[in-house]
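Structure, as structure tokens:
The values are calculated or read from the model by the stated rules, or taken from the named source; none is laboratory data. If you're wondering where the values come from, they're calculated on a predicted model, not measured in any experiment. Reconstructed Cβ throughout: ideal geometry from the backbone, glycine too, with neighbour counts over all protein chains shown. Accessible surface areas use protein heavy atoms only, side chains included; no ligands, DNA or RNA. Shrake-Rupley method; radii C 1.70, N 1.55, O 1.52, S 1.80 Å.
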Amino acid sequence: MLQLTHSKTGKSLEIDEFWLRDHCRCGECLNTETNQRRYDLLDLPVDVHVLKHNWQTTEQLVVEWSDGHRSTYDWAFIYESQLEQLISRRTKSTALTPWNRTIVLQNERHLRFALPALVVSDEQVEQLVAALVRYGIVFIDDVAATPTMTELALRRCFPLMKTFFGEMWTFSDKRDHADTAYTQLYLGSHTDNTYFCDAAGLQALHCIEHSADGTGGENFFVDGLHVVHELRRRFPEAYELLCRVPVPAEYIEQGEHHCHTAPIIRIDPLTGALLQLRLNVYDRAVFNTLPQREMANFYASLRQLLQLVRDEEQQWHLKLLPGSIVIFDNWRVLHGRHAYTGRRTMSGAYVQRTDFQSKARTLGIID
Ligand SMILES: C[N+](C)(C)CCCC[C@H](N)C(=O)O
Ligand SMILES: O=C(O)CCC(=O)C(=O)O
């Protein structure tokens, strides 16, 4: 281990010498155009160690290595590349606002964006992405109620995720797919794609039509971040179990059979923050990942989570009207729909999690 002390701040670090050699930033070790290392890890001698090191300036460290290599490091690079700083940045940079109905209604003005302004202003797009990170739900208003304009509005903000439902999809009660969404039935709060190994990061919905003689069809949204915090506070054993027990999900139709098994709650191992809530009671496959003697405990824990989700105070009920697109974080916010009558047509799309995060990261919104 190499002891380093930064003379200006007095901060000290103990650095693994192999790690430091593996993080040489010179052009021989790192392709600075592609940010890729130019060597295989096995090319570095296992016993590589520091022969000599000295501070060229208060900010720059020069190291002579036992394999004959010479490296120059910025103190800031070494310091910022440590676990402690990563956790600190991650905790600070994703300042989220967990909400229940009261809180989200108090903040609704921060969630609404007009398409004309989004089209002409990158700053508006940036504010939309920031609100989506913070609250997990935003709206784009003043959108002509067509799939084409819905697509234009969404592509202004994010690339779209292609699945067997399509890249843009339009659905109604027409049985285009073997799913309850393609009926007039009630859908309780859920997240989509629990049967995909990588559930859509965002989902967008635009009600482009609901016939005047139609009834029902209101949507409701629940902040899974707020619910998970409540579960952890009030039912810590249930929280721990739902973070641990893998739950199988599946989607089956002609030519498609998707399965994925993972816990309902996924936590960031470094920060303990919620990474993903994966909750859809309808799309559950045969539950066979626990011995029968542990089933009662699992169902009791799942009921506690669902009762929190179903709590009216958590639910934001609203009728999606033609002209307004809702975009929500499908790894955090649950959505549902009341049963309806009449002709109701929804248009929308998914956005990959990595594309949502990349957009937010390139805008400096998340780490
Ligand atoms: C959104 N769209 C209508 C295209 C698909 C709906 C898929 C619904 C599925 N039960 C799930 O929860 O993922
Ligand atoms: O029809 C709606 O409003 C939503 C349908 C739904 O929940 C889904 O597609 O996942």
* Asked: Between LYS8 and ASN31, how many nm apart are label points set 7 Å from Cα along the C-beta direction?
  -> 3.3 nm
* Asked: Per residue Cα convex hull volume for segment 270-367, in cubic angstrom?
  -> 195 Å³
* Furthest towards positive pole of dipole, GLY217, HIS53, PHE77, structure part the chain, Cβ charges -> GLY217
* Given R₀ = 56 Å, FRET efficiency for HIS110-THR72 by Cβ-Cβ distance, to 0.05? -> 0.80
* To do: No other cysteine beta carbon under 4.7 Å away is the test; run it over the chain and list who passes.
  => CYS26, CYS157, CYS197, CYS207, CYS243, CYS259
* To do: Beta carbons within 10 angstrom, averaged per residue: use that to sort the peptides 243-250, 178-185, 323-330, highest first.
  => 323-330, 243-250, 178-185
* Structure fact -> Taking Cα atoms only, helix 83-93 is inclined relative to the longest principal axis of the chain by an angle, in degrees rounded to 10, of 40 degrees
* For segment 243-297, diffusion coefficient by Stokes-Einstein and Kirkwood Rh (Cα), 25 °C, 0.890 mPa s, µm²/s -> 194 µm²/s
* To do: Once every Cα of segment 2-81 carries one equal point scatterer and solvent is ignored, give the base-10 log of I(q)/I(0) from the Debye formula at q = 0.13, 0.14, 0.26, 0.27 Å⁻¹, two decimals.
  => -0.39, -0.46, -1.41, -1.48
* Structure fact -> Percent relative contact order for segment 2-81, counting Cα pairs under 8 Å at least six residues apart, stands at 24 percent
* Kirkwood Rh, Cα atoms: Rg over Rh of segment 320-367 -> 1.08
* Output the antiparallel fraction of DSSP beta bridges having both residues in the chain, as a percent to the nearest 5. => 95 percent
* **Percent accessible area from carbon and sulfur atoms, segment 136-224, protein chains only, probe 1.4 Å** => 55 percent
* Structure fact -> Rounded to a whole number, the Stokes-Einstein D of the chain in µm²/s (Kirkwood radius over Cα pairs; 20 °C; 1.002 mPa s) is 91 µm²/s
* Structure fact -> Stokes-Einstein, Kirkwood over Cα pairs, segment 116-234, 10 °C, 1.306 mPa s; D in µm²/s equals 95 µm²/s
* Hey, can you rank 352-358, 265-271 by average C-beta count inside 10 Å, highest first? -> 352-358, 265-271
* Working from the pairwise distances between different alpha carbons, so that the mean of 1/r is found and then inverted, what is segment 173-299's Kirkwood radius in Å? -> 16.7 Å
* Structure fact -> Computed Rg/Rh for segment 14-172 (Cα atoms; Rh = Kirkwood radius) stands at 1.18
* By average Cβ neighbour count within 10 Å, what is the ranking of 38-47, 233-242 from highest down? -> 233-242, 38-47
* Structure fact -> Ordered by number, the trypsin sites (Lys or Arg not before Pro) in segment 310-345 that occupy a DSSP loop and have at most 15 other Cβ atoms within 10 Å are LYS319, ARG343
* Relative contact order of the chain, defined on C-alpha pairs under 8 angstrom at six or more residues apart (%) -> 24 percent
* At a 1.4 Å probe radius, carbon and sulfur cover how many percent of the accessible area of segment 1-125? -> 51 percent
* To do: For the chain, report the accessible area per residue in Å² (1.4 Å probe, heavy atoms, rounded to an integer).
  => 48 Å²
* Rounded to two decimals, what ratio of Rg to Rh does segment 64-156 give with C-alpha atoms and a Kirkwood Rh? -> 1.26
